[in-house]
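The values are calculated or read from the model by the stated rules, or taken from the named source; none is laboratory data. Just so you know, these numbers come straight off a predicted model, no measurement behind them. Glycine also receives a Cβ, built like all others from the backbone with ideal geometry; neighbour counts cover every protein chain displayed.
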């Protein structure tokens, strides 16, 4: 007998994580329409954009405009800010939810933000404290929680240790990521069962890339471990510019379809979700390759 929840929360990461590795600059107005359509489909939590240097991530050059024009009531509007400079830019907006990130792997962290994991955490602790004092929702994105493109397999102990430090720093949510899509379902179950046991008062979110087509299998394993929050990306968009071999995130439409077939509610309308994908599809450098999209293309 499967141990499954009745309802799952989808955190849509397409506008931020999905876009950041896109080679073509997607027009700002298209991004805004994409975000609006996703909300119309029933998405209640979303990563909108990222306050990073446009020199390193050109796709996010319009972050201030997106943050200014795409907030909505009764939804969690998340923006990513990797450092103090990014956090100060957040303060100039009306966003009230911030994502910070650190890789468990030192090598990944150095490639990504030119700091070790320890130095990143040291810098973020006072920032998290400050954000919580200002009543921000704080989401900690834990990259390379299973495998690293430079260091290989990451030990569960290291991932759990970093998660504990973020929880002790006061974050509201841990988004734990299989950044390069190498985790197997037994590994997903094992780590998330331990996270659920140790941090049951913290929101726990699983983030799987579908590099090896294991995204849905890992989500099912995580469901059985007690996880009911998942980061997904409409159209399966995504990847990481600092993680060679990282393909897109698990497609929102595939996850919603699977959960619906299992009798698990998400509150997301598939038809309207696919309308959102169609808004952005003509502006992408890659093909949409989700199972549900391919199914529709042949109907």
**Message:** Return the residues of the stretch 194-210 that are surrounded by fewer than 20 Cβ atoms within 10 Å (Cβ to Cβ) and not in a helix (DSSP H, G or I); say none if nothing qualifies.
**Reply:** 199, 200, 201, 202, 203
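I'd like to verify a number: residues in the stretch 211-224 that are more than 16 Å from the chain's Cα centre (by Cα), crowded, with 20+ Cβ neighbours inside 10 Å and without any contact (Cβ under 8 Å) to a residue 40 or more places away in the chain, how many?
Final tally of qualifying residues: 2.
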**Prompt:** Looking only at residues in the stretch 104-136 that are outside any helix (DSSP H, G or I) and modelled with pLDDT of 95 or more, which one is surrounded by the fewest Cβ atoms within 10 Å (Cβ to Cβ)?
**Reply:** 135
**Complete:** In the stretch 40-58, anything closer than 16 Å to residue 17 by Cβ and not in a helix (DSSP H, G or I) is listed as 43, 45, 46, 47, 48, 49, 50, 51, 52, 56, 57
**Asked** Would you pick out the residues in the stretch 265-295 that are surrounded by fewer than 17 Cβ atoms within 10 Å (Cβ to Cβ) and over 19 Å from residue 39 (Cα atoms)?
**Response** 282, 283, 285, 286, 287, 289, 291, 294, 295
**Request:** Return the only residue of 149, 82 being surrounded by 15 or more Cβ atoms within 10 Å (Cβ to Cβ) and within 26 Å of residue 193 (Cα to Cα).
**Result:** 149
**Message:** Out of the residues in the stretch 238-253 meeting the condition of being modelled with pLDDT under 95 and either touching a helix residue (DSSP H, G or I) at 6+ places or on another chain (Cβ under 6 Å) or closer than 25 Å to residue 297 by Cα (or both), tell me which one is surrounded by the most Cβ atoms within 10 Å (Cβ to Cβ).
**Reply:** 249
**Prompt:** Would the stretch 59-82 turn up any residue that is over 30 Å from residue 271 (Cα atoms), part of a helix (DSSP H, G or I) and touching a helix residue (DSSP H, G or I) at 6+ places or on another chain (Cβ under 6 Å)?
**Reply:** no
**Message:** Here is a check on your reading of the model: is residue 31 over 19 Å from residue 120 (Cα atoms), in contact with a strand residue (DSSP E or B) (Cβ under 9 Å, 6 or more places away or on another chain), at pLDDT 95 or above and not in a loop (DSSP other than H, G, I, E, B)?
**Reply:** yes
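What residue, among those in the stretch 4-24 that are at pLDDT 95 or above and assigned to a loop (DSSP other than H, G, I, E, B), is surrounded by the fewest Cβ atoms within 10 Å (Cβ to Cβ)? Working first, answer last.
Within the stretch 4-24, the subset at pLDDT 95 or above is 5-16.
Add one more test, that the residue is assigned to a loop (DSSP other than H, G, I, E, B), and what stays is 5-6, 8, 13.
Details: 5: 14, 6: 8, 8: 21, 13: 29.
Across the stretch 4-24, the extreme among qualifying residues is 6.
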